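Taking it in order: structure first as structure tokens, then the write-up.
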Amino acid sequence: MAAVTAAMVKELRERTNAGMMDCKKALLAADGDMDKAIDWLREKGLAQAAKKASRVAAEGVVAQYVTPCGCTGVIVEVNCETDFVAKTDNFAAFANNVAKHIAKANPADVDELMNQKFVDDETKTISDLVSEATVAIGEKISVRRFARFQTEGVVATYIHMGGKVGVLVEVATSEEGKNNEDVKQFAHDLCLQIAAAKPEAVRREEVDSEKLEKEREIQRAKALEAGKPEKIVDRIVDGQIEKYYKEVCLLDQQFVKDPDKSIKGLMAEVSKAAGAPLDVVRFVRFERGEGIEKRKDNLAAEIAAMQKA
């Protein structure tokens, strides 16, 4: 039997987009013959993923996973071509498995993730799972991005509208705070806040300096255009920037459940009630498909999929 090298496996994968383990099996079955290996993959239906590689996958879900200890949380965006497929149990199960793997395996980025062995089955890589899912589900499947927080405090996740929006937040607190129900509720409320109000930063110091300067320029131009005297324009701009902070800074935002409170005020209130220090460390908000340009043929694909159901 001819020896199957890593280079051969790599070449077959590039030509078929099948999983690495499947490529190795095909080459072994074909005694190293590349063309026969491709035929073997086609016969098994494993080379079908290659036909879908150029399609646009802008639908899908944001999935989440939190470890049992509550110290590590993950959200991940997994895309497919149609909303119809995104709502299926098989697709949801696949996305949830990827989220769990990320929590446990801690990949540095998507490229590393794709080459990792799946934590629940080390005979397959995540890339293999994507290829298998592409064949089984019948659409292009891709893992687009993820965020993973590991903390000694509290981590919380929230998935909105069946996976359209996902939020991950980290709250620093003491050992007492970690086990306090009020603190856990506060972390959950933060997720709801972020999903609804779309803050861009936790606190004022973190606001992008270029965006802030641009906002100043816009407000100054508006004031001058409105005929305001030059001597009071700076005060007007400062007032508008204060409003801007309250829109984009999480701690300055009005609490969506009680607009009479700011998030900063709510945090102080919960901290006092729990007898534990609190601080919002960071957050991530993913909205499914944001930034992906959808092609018109996606609509046709979605209609066709619905007609088959």
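Readers should treat all values here as calculations from the given coordinates under stated rules, not as data from a laboratory. What you are looking at is a predicted structure, and each value in this text was computed from that prediction instead of being measured. Counting neighbours? That spans all protein chains shown, and the Cβs are built from the backbone with ideal geometry, glycine included.
Listed by Cβ neighbour count within 10 Å, with the fewest neighbours leading, Ser209, Ser127 appear as Ser209, Ser127. Within the shell of other residues whose beta carbon sits under 9 angstrom from the beta carbon of Ala30, the net charge comes to -3, with Lys and Arg scored +1 and Asp and Glu -1.
All C-alpha to C-alpha distances of the stretch 65-122, sorted into 10 Å bins beginning at zero, yield P(r) values of 22, 49, 27, 2 percent in whole numbers.
Hey, what does the equivalent ellipsoid look like for the stretch 114-165, semi-axes from the Cα gyration tensor as sqrt of 5 times each eigenvalue, largest first, whole Å?
25, 18, 9
Compared with the dominant Cα axis of the chain, that is its longest principal axis, helix 34-44 is turned about 70°.
Net charge near Ala196, counting Lys/Arg +1 and Asp/Glu -1 over other residues with Cβ under 11 Å of its Cβ? Net local charge, Ala196 excluded: +2. The Cβ shell under 12 Å around Glu215 holds other residues with a net charge of -2, Lys and Arg each +1, Asp and Glu each -1. With the charge dipole of the chain set up from +1 on Lys and Arg Cβ and -1 on Asp and Glu Cβ about the Cα centre, the Cα lying farthest toward the positive end among the listed residues Asn180, Leu12, Thr157 is that of Leu12. Cβ crowding within 10 Å ranks Tyr158, Tyr244 as Tyr244, Tyr158, fewest other Cβ atoms first.
Note on Cys80, Cys191: ascending count of other Cβ atoms within 10 Å places them as Cys191, Cys80, the fewest first. Average projection, convex hull of the Cα set of the chain: 21.3 square nanometres. Below 8 Å between Cα atoms, with a sequence gap of 6+, how large is the relative contact order for the chain in percent? Normalised by residue count, the contact order of the chain is 19 percent.
Loop-located GluC sites (Glu not before Pro) in the stretch 137-178 (DSSP state not H, G, I, E or B) with no more than 12 neighbouring Cβ atoms inside 10 Å: Glu152.
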